[in-house]
Amino acid sequence: MKVFAHRGASGEAPENSRAAIQIALDLPIFGVEIDVFAFDDDYVITHDRWLTRTTGIARRLNDLTKGELAALSAGECQGHPQSILTLAEVLALGWDEKVLNLELKSIADMQHLHDYIKTHAPDLPSGQILLSSFNHHYLASARQLQLPYERGWLTASLPLQLAATAEDSGSDWISIDMAMLDEALVKDAHARGLKVGVYTVDEEDDLALLLSMQVDAVFANHPGRAAEFIRQNR
């Protein structure tokens, strides 16, 4: 069972920050999940439309200028202040063989996103990028454009048709909230050739259950702990 760092190692450093991502990149895990918003002609790494929770400033992302956004504090890690990153800054980090899972929160143009990735990370293999979203229109657009990335169909509910809709969308993954997971979904997804991810998993009891279900990956706030538990119990 593989491990994705959820918003970077968000249990160790501010979520989606450079520190959280770098901590995750230094761990023996499969990949790192971050949240992506379109912002002017750029992309920034943040989870919420409103920045109140992560910066303490009650402003909407798209009401800010680039200068105002760059001046915001997104917390600190071991005395080092963190800012809101651009996707270009993330792509410039050392990814080696780790997968970069981009959870698409608000994207205007999927072709523009692809062109941006190729401009800022021309040597990063497309197989190391996973596009995932709760907005399944983005995944449909990526499929229509034949973008060369795997796609992850996110859900916070247990679909009536289990993994059928994710399969019909041409997705490679279905990732579901731990609270909604049912073993029937895992079996149905695997029968359809889809991989199963589960978020957000930090408790050992949950990790043990998912190992028994043969889930393919978990998203963890403490990815190092999750990876060590899996190593000892697989």
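The values are calculated or read from the model by the stated rules, or taken from the named source; none is laboratory data. Small disclaimer: the values here were computed from a predicted structure and weren't measured. So basically every Cβ, Gly included, is an ideal-geometry build from the backbone, and we count neighbours across all protein chains shown. The protein model used for the area step is the full one, side chains on, heavy atoms only, and it has no ligands, DNA or RNA in it. Shrake-Rupley method; radii C 1.70, N 1.55, O 1.52, S 1.80 Å.
Descriptive notes on the structure:
- Helix-only mean residue ellipticity at 222 nm for the chain, each DSSP H run of n ≥ 4 adding -39500 (n - 2.57), per residue, nearest 500: -9000 deg cm²/dmol
- Under a 5 Å amide H cut-off, with hydrogens placed 1.01 Å from N, SER175 pairs with TRP153, LEU154, THR155, GLY197 among residues at least 5 apart or on other chains.
- For region 2-124: accessible area per residue (Å², 1.4 Å): 45 Å²
- Average Cα contact separation per residue, region 11-133, under 8 Å, 6 or more apart, as relative contact order %: 29 percent
- Using C-alpha pairs under 8 Å with a sequence gap of at least 6, the mean separation divided by the residue count of region 157-234 gives a relative contact order of 26 percent.
- Area of LYS2 that stays accessible when all protein chains are in place (1.4 Å probe, Å², to 10): 90 Å²
- Taking GluC sites (Glu not before Pro) across region 83-112, the ones in a DSSP loop with at most 13 further Cβ atoms lying within 10 angstrom of their Cβ are GLU97.
- Residue among THR155, THR86, THR55 with the largest mean-square fluctuation in a Gaussian network model of the chain, springs linking Cα atoms under 10 Å: THR55
- Under the criterion of Cα pairs below 8 Å and six or more residues apart, the relative contact order for the chain equals 21 percent.
- Protein accessible area in the chain, 1.4 Å probe - carbon and sulfur %: 46 percent
- The alpha-carbon atoms of region 95-234 define a convex hull whose volume equals 116 cubic angstrom per residue.
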